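Peer 1: Before we start, here is the structure in question, set down as structure tokens.
The values are calculated or read from the model by the stated rules, or taken from the named source; none is laboratory data. If you're wondering where the values come from, they're calculated on a predicted model, not measured in any experiment. Neighbour counts run over all protein chains shown; Cβ positions are idealised from the backbone, glycine included. Accessible surface is based on the protein model in full, side chains and every heavy atom, while ligands, DNA and RNA are left aside. Shrake-Rupley method; radii C 1.70, N 1.55, O 1.52, S 1.80 Å.
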Amino acid sequence: MTSLPLTIRHELPVDQAAIERLHERAFGPGRFARTAFRLREGVPADPALSFAAHVGTFLVGAVKVTPVIAGGHKALMLGPLTVDPAFEGRGIGAALMNRSIEAAREAGHDLIMLVGDAPYYARFGFRVIPPGQLVLPGPADPARFLALELVEGVMAQRKGAVTSAR
Ligand SMILES: CC(C)(COP(=O)(O)OP(=O)(O)OC[C@H]1O[C@@H](n2cnc3c(N)ncnc32)[C@H](O)[C@@H]1OP(=O)(O)O)[C@@H](O)C(=O)NCCC(=O)NCCS
């Protein structure tokens, strides 16, 4: 980590255009068809659990967390997590992840899911969900469907469909 003057704070309405530009750059127009995107469609991310990283006034990264239903229980879907390519590899993704996870824990949530690269997210405690235990409403590589228990043992009690919290 360099001595960047990095600040992490809750995302604000004023951040949304810059966050959308990061998403466009990282995922392109195909992002709207992704299963995780469809789960979040029409449901606002929880601003108490979603964070933006700034260097000065420049937004360099963001993470969103959205409420969903998993096996009939409230749960969270994390993503997208994006960091500006010019600022990658400096711990900004990790700082955003740690803030979101801590905020979710403090708010009393018990399960965070995401669709992403297991080798990256394992460092935060995310594990592959046993195939078929929770079912997304669209195609996703089972090896990329991950969960972090905020309450030990909660995953074993979560079985069935993952649906939008709409
Ligand atoms: C993935 C991403 C958020 C990481 O942000 P970052 O600020 O560079 O992450 P950090 O600085 O906290 O961590 C960097 C470390 O993660 C590793 N890493 C980054 N992406 C990885 C991946 N997809 N798989 C495994 N490891 C990965 C780096 O090699 C580096 O490893 P090191 O610590 O051993 O040097 C960023 O690269 C990004 O926005 N990518 C495009 C969008 C994306 O894929 N988002 C995730 C899916 S929702």
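Peer 1: Could you tell me whether any residue of the stretch 120-128 is within 25 Å of F32 (Cα to Cα) and hydrophobic (A, V, I, L, M, F, W, C)?
Peer 2: Yes.
Peer 1: Among the residues of the stretch 21-32, count how many are more than 9 Å from the ligand (Cβ to nearest atom) and surrounded by 11 or more Cβ atoms within 10 Å (Cβ to Cβ).
Peer 2: 4
Peer 1: Report, ordered by the first and then the second residue, all pairs with beta carbons closer than 6 Å, sequence separation of six or more or different chains, a first member in the stretch 63-92 that is modelled with pLDDT of 95 or more and among the charged types (D, E, K, R), and a second member that is open to solvent by 40 Å² or more (accessible area, probe 1.4 Å) and more than 16 Å from the ligand (Cβ to nearest atom).
Peer 2: Within 6 Å, no pair qualifies.
Peer 1: Residue by residue through the stretch 44-54, note down the ones that are more than 12 Å from the ligand (Cβ to nearest atom), modelled with pLDDT of 95 or more and of a type outside the set (F, W, Y).
Peer 2: A45, D46, P47, A48, L49, S50, A52, H54
Peer 1: On to the next question. Looking only at the stretch 85-108, filter to residues that are near the ligand (Cβ under 8 Å from one of its atoms) and in a loop (DSSP other than H, G, I, E, B); which one of those is surrounded by the fewest Cβ atoms within 10 Å (Cβ to Cβ)?
Peer 2: G89
Peer 1: Still on this structure, I have one more. Please determine whether any residue of the stretch 140-150 is away from the ligand (no atom under 16 Å from the Cβ) and either touching a helix residue (DSSP H, G or I) at 6+ places or on another chain (Cβ under 9 Å) or open to solvent by less than 40 Å² (accessible area, probe 1.4 Å) (or both).
Peer 2: Within the stretch 140-150, one or more residues are away from the ligand (no atom under 16 Å from the Cβ) and either touching a helix residue (DSSP H, G or I) at 6+ places or on another chain (Cβ under 9 Å) or open to solvent by less than 40 Å² (accessible area, probe 1.4 Å) (or both).
Peer 1: Okay, moving on. Checking I112 against (1) of a type outside the set (S, T, N, Q); (2) modelled with pLDDT of 95 or more; (3) within 16 Å of the ligand (Cβ to nearest atom); (4) not in a strand (DSSP E or B), only one condition comes out false. Which one?
Peer 2: So I112 meets the others, but not (4).
Peer 1: Could you please let me know if T66 is closer than 23 Å to I129 by Cα and hydroxyl-bearing (S, T, Y)?
Peer 2: yes
Peer 1: Inside the stretch 121-139, can you point out the residues that are open to solvent by less than 70 Å² (accessible area, probe 1.4 Å) and within 13 Å of the ligand (Cβ to nearest atom)?
Peer 2: Residues satisfying the conditions are Y121, A122, F124, F126.
Peer 1: Need the failing condition index for V68 against (1) under 11 Å from the mean Cα position of the chain (by Cα); (2) open to solvent by less than 40 Å² (accessible area, probe 1.4 Å); (3) over 18 Å from G153 (Cα atoms), just the number.
Peer 2: (1)
Peer 1: Turning to a different aspect of this structure: I'm checking my understanding of the structure. Among residues of the stretch 73-84 that are over 13 Å from H54 (Cα atoms) and touching a strand residue (DSSP E or B) at 6+ places or on another chain (Cβ under 6 Å), which one is surrounded by the most Cβ atoms within 10 Å (Cβ to Cβ)?
Peer 2: Only one residue fits best here, namely L78.
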